[in-house]
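J.: Here it is, the structure, as structure tokens.
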Amino acid sequence: MSDPLFDADDNANTSITPEEREGLIPTYITTRRELNEAEQININDGDRWAFARRSRDVLDEKFLQRLHKEMLGRVWRWAGRYRTTDRNIGVDRRQIEPELRGLLNDVRFWIEHKTYSPDEITVRFHHRLVSIHPFPNGNGRHARLAADLLSLQLGIALFTWGSANLVEEAETRRRYVEALRAADAHEIEPLLAFARS
């Protein structure tokens, strides 16, 4: 399955392949545009669900899985479940759970010991979550929402993430991917700047 964030093909009218349809719930979807629209509607509902909750611990593994399910569960049967195949991005599928637990423990430590500023803690959390790539699809969108929820827990303003739809806006998506790659090389500043742009 492709990841719309990293896809080079920006043609929204591209047909979805039989492989890409695996696990798809709505039967009417035949193009990438229809898929993006259905996902965005579900993601908006997931946002409302997440922000309406009084009790939400974004540093809880089960909450992160439920968040993904709320964001994409009406579009994909596998929503909220970790991927079972290896990809060209993300950790080995067998390392998803230990890497995720390590990330959550690290973030708790950073918060408790004020290792980084709240902005940097949140952006590092986002980057590592994207790098783990726990789900078959929707990882960037899930990680941005999870980071926004962590921002609330830390009492800081939500990030703007380039102020554009990263699936549809090619230039903003390019800047985001470049910032993620810089963070892969241990340069977090471009991702911090992008998150607040």
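The values are calculated or read from the model by the stated rules, or taken from the named source; none is laboratory data. Because the structure is a prediction, the values reported are computed rather than measured. Here Cβ is always computed from backbone atoms with ideal geometry, including for glycine, and neighbour counts include all displayed protein chains.
J.: Which residue is nearest to Pro18 (Cα to Cα), if the candidates are limited to region 28-55 and must be part of a helix (DSSP H, G or I) and basic (Lys, Arg)?
T.: Arg32
J.: Based on what the data block shows, is Val167 assigned to a helix (DSSP H, G or I) and β-branched (Val, Ile, Thr)?
T.: Answer is no for this residue.
J.: Suppose the filter is modelled with pLDDT of 95 or more and part of a loop (DSSP other than H, G, I, E, B); does Val107 pass it? Reasoning before the result, please.
T.: Working: modelled with pLDDT of 95 or more: yes; part of a loop (DSSP other than H, G, I, E, B): no.
Spelling it out, it is not the case that Val107 is modelled with pLDDT of 95 or more and part of a loop (DSSP other than H, G, I, E, B).
J.: Out of region 147-178, which residues are surrounded by 22 or more Cβ atoms within 10 Å (Cβ to Cβ) and small (Gly, Ala, Ser)?
T.: Those that are surrounded by 22 or more Cβ atoms within 10 Å (Cβ to Cβ) and small (Gly, Ala, Ser): Ala147, Ser151.
J.: Please state which of the following conditions Thr17 fails to meet, knowing it meets all the rest: (1) polar (S, T, N, Q); (2) more than 20 Å from Arg173 (Cα to Cα); (3) modelled with pLDDT of 95 or more.
T.: (3)
J.: Yes or no: Glu61 over 16 Å from the mean Cα position of the chain (by Cα) and either surrounded by fewer than 17 Cβ atoms within 10 Å (Cβ to Cβ) or hydrophobic (A, V, I, L, M, F, W, C) (or both)?
T.: It is false that Glu61 is over 16 Å from the mean Cα position of the chain (by Cα) and either surrounded by fewer than 17 Cβ atoms within 10 Å (Cβ to Cβ) or hydrophobic (A, V, I, L, M, F, W, C) (or both).
J.: Let me ask something else about it. Could you say which residue among Arg32, Arg83, Arg48 is surrounded by 17 or more Cβ atoms within 10 Å (Cβ to Cβ), at pLDDT 95 or above and either of a type in the set (Lys, Arg) or touching a strand residue (DSSP E or B) at 6+ places or on another chain (Cβ under 8 Å) (or both)?
T.: Arg83
J.: Mind checking whether some residue in region 152-162 is part of a helix (DSSP H, G or I) and on the phi > 0 side of the Ramachandran plot? Spell out the reasoning first.
T.: Of all residues in region 152-162, those part of a helix (DSSP H, G or I) come to 152-154, 161-162.
Then keep just the ones that are on the phi > 0 side of the Ramachandran plot; that gives 161-162.
Yes, some residue in region 152-162 is part of a helix (DSSP H, G or I) and on the phi > 0 side of the Ramachandran plot.
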